[in-house]
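Colleague: Before I ask anything, here is the structure I am working with.
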Amino acid sequence: MTLVTDPKAPRVAIVGATGAVGNTLIGLIEQRGLRYRDMRLVASARSAGTELTVDGVAYPVQAVDEFDFSEVDLAFFSAGTEASEKWVPKATAAGAVVIDNTIAYRMDPDTPLVVPQVNAHELDRRPKSGVIANPNCSTIPLVRLLKGVEERWGIRQAVVSTYQAASGLGHPGVEELQDASRASLDHPEEAYPNKEFTPSLAFNVIPKIDRFLDSGFTLEEQKMLQESRKILGIPHLDVTTTCVRVPVVNGHSEAVWIETQGVVDRTELVETLAALPEVTVHDRESPREFPTPATIDDRDQVHVGRVRVNPNNPRAFWLWLVADNLTIGAALNAIQIAEELIARETL
Ligand SMILES: NC(=O)c1ccc[n+]([C@@H]2O[C@H](COP(=O)([O-])OP(=O)(O)OC[C@H]3O[C@@H](n4cnc5c(N)ncnc54)[C@H](OP(=O)(O)O)[C@@H]3O)[C@@H](O)[C@H]2O)c1
């Protein structure tokens, strides 16, 4: 039970509580024993009045447009970019610190973009904007590994292909993948009316996530470059990405090629990666072991495998990573930010 009377414990709101990230956040608050003195669950007017349980206590979901943020010290936002643009300023003006899961504030110079295993020092003081941004779900596991490689060998370039699950688009993405897959088996002659994925994701892969930019890259690909630079504090970091949606329910994967300044030895590389916080290297003992989204057991770890130094160039190597996008890529990172804020008394 983490509902406490301690006046130092924050009053917490979860905006987007009924969504995929919100549900995961509630589970992690229970699992990690985050201490709070009041809990409010918030979503759109569509969900107002429904009940959700946190730590065994049932709470009514409140509509965001009727919600009073002055009753809250810490607000987690995962209700989409539009909702964050509209309601985060109201929350911070009322005195709450916001941890935002959307793209709305990530590149704002007054808002730190934080992955606690990489740049927790950004949380030493309360940000000017009152907001801490949670990075993109594919950026978080990548920068956690890049940090270790940069510190030991220096990075010249990283080339990344992502394999991103349907749950990256929340509950609607998962439902559409499941329904479209069933429909294409039962009625292969009929076109399924997709809304979330175009073309259909059923038995398909789609090399486009988010909208196209004039550069030919997608916004998702641009996010991975800009956010990695900001989090690692390396303004000229060269990261280039192809982001691909795959018919996996949950769990993003990435094939990562890194060129380094120094010569890399595989044994040292594996040990360096394995020593990073909350990282599991599967091919530490046997190069035949590798993680997949369906087989990883601990959803709170970044899973690494297929670590291969290029035999033609020892300053370059491949690795494969798998990270749960709802935990590592969203809710867990947000909770870990909250834990750091509470430990530093910067709320
Ligand atoms: N899924 C991921 O892996 C992931 C990772 C990183 C970041 N994010 C970001 O997190 C946010 C939520 O994603 P999700 O996957 O949880 O989506 P989701 O399952 O579709 O849930 C969306 C949540 O937002 C609420 N909502 C939608 N429009 C709203 C509005 N105008 N006002 C108030 N609440 C509103 C919904 O409430 P109702 O139930 O009332 O509609 C629901 O609680 C998105 O911005 C997404 O980009 C997602």
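Colleague: Summing +1 for each Lys or Arg and -1 for each Asp or Glu, what net charge is found among the other residues whose Cβ lies under 12 Å from the Cβ of PRO89? Show your work: numbers first, answer last.
Modeller: Numbers: positive: LYS86, LYS90; negative: GLU85, ASP100, ASP108.
Once positives and negatives cancel, what remains is -1.
Colleague: Sorting ARG11, ARG35, ARG211, ARG125 by accessible area (1.4 Å probe), largest first, what list results? The partial results should precede the final answer.
Modeller: On the way: ARG11 60, ARG35 115, ARG211 135, ARG125 175 Å².
Of ARG11, ARG35, ARG211, ARG125, the descending order of accessible area is ARG125, ARG211, ARG35, ARG11.
Colleague: Quick check: at a probe of 1.4 Å, how many percent of the accessible area of region 63-162 sits on carbon and sulfur atoms? Kindly include the intermediate steps, with their values, before the conclusion.
Modeller: Details: 1600 of 3720 Å².
Answer for region 63-162 is 43 percent, counting heavy atoms of protein chains only.
Colleague: So, by mean Cβ neighbours within 10 angstrom, what's the order for 40-51, 240-251 with the highest one leading?
Modeller: On the way: 40-51: 17.2, 240-251: 20.1.
Ranking the peptides 40-51, 240-251 by packing returns 240-251, 40-51.
Colleague: List every residue whose amide H lies under 5 Å from the amide H of GLN301, counting only residues 5 or more places away in sequence or on a different chain, with H placed 1.01 Å from N in the peptide plane.
Modeller: Hits under the 5 Å cutoff: none.
Colleague: Compute from the Cα atoms of the chain the Rg and the Dmax, the latter being the longest Cα-Cα distance, and quote both in angstrom.
Modeller: 20.5, 62
Colleague: Taking amide H positions as placed in the peptide plane 1.01 Å from N, state which residues far from ALA48 in sequence (5 or more) or on other chains have amide H under 5 Å from it.
Modeller: none
Colleague: Report the rotationally averaged projected area of region 223-347 based on its alpha-carbon convex hull, in square nanometres.
Modeller: Values: hull surface 38.0 nm².
Over all viewing directions, region 223-347 projects a mean Cα-hull area of 9.5 nm².
Colleague: Can you give the net charge of the other residues whose Cβ lies under 13 Å from the Cβ of ILE155, counting K and R as +1 and D and E as -1? Working shown, then result.
Modeller: Values: positive: LYS147, ARG152, ARG156, ARG229, ARG315; negative: GLU150, GLU151, ASP238, GLU259.
Summing Lys/Arg as +1 and Asp/Glu as -1 gives +1.
Colleague: Now for a different question. Could you look at region 171-237 and say what percent of its accessible area is carbon and sulfur, using a 1.4 Å probe and all protein chains? Could the numbers behind the result be given before it?
Modeller: Numbers: 2270 of 4160 Å².
The nonpolar share, carbon plus sulfur, comes to 55 percent.
Colleague: Where does region 134-250 land on Rg/Rh, using Cα atoms and the Kirkwood Rh?
Modeller: Numbers: Rg = 16.7 Å, Rh = 15.6 Å.
Checking Rg against Rh, the ratio lands at 1.07.
Colleague: If contacts are Cα pairs under 8 angstrom and at least 6 residues apart, what is the relative contact order of the chain in percent?
Modeller: Details: 740 pairs, mean separation 62.3, N = 347.
Normalised by residue count, the contact order of the chain is 18 percent.
Colleague: Could you list, in their original order, any pairs among LYS90/LYS208; LYS8/LYS230; LYS147/LYS223 whose Cα atoms are separated by more than 22 Å? Write down the numbers at each step before the final one.
Modeller: Numbers: LYS90/LYS208 34 Å; LYS8/LYS230 32 Å; LYS147/LYS223 18 Å.
Over 22 Å apart, Cα to Cα: LYS90/LYS208; LYS8/LYS230.
Colleague: Continuing with this model, one more query. Give me the accessible area per residue for the chain, probe 1.4 Å, as a whole number in Å². Display every interim value, and only then the final one.
Modeller: Details: 15520 Å² over 347 residues.
Result: 45 Å² of accessible area for each residue.
Colleague: Return the whole-Å distance between the Cα centroid of region 274-313 and the Cα centroid of region 63-118.
Modeller: 34
The values are calculated or read from the model by the stated rules, or taken from the named source; none is laboratory data. Worth saying up front: this structure is predicted, and the values here are computed from it rather than measured. Backbone-built Cβ (ideal geometry, glycine too); neighbour counts: all protein chains shown. Accessible surface is based on the protein model in full, side chains and every heavy atom, while ligands, DNA and RNA are left aside. Shrake-Rupley method; radii C 1.70, N 1.55, O 1.52, S 1.80 Å.
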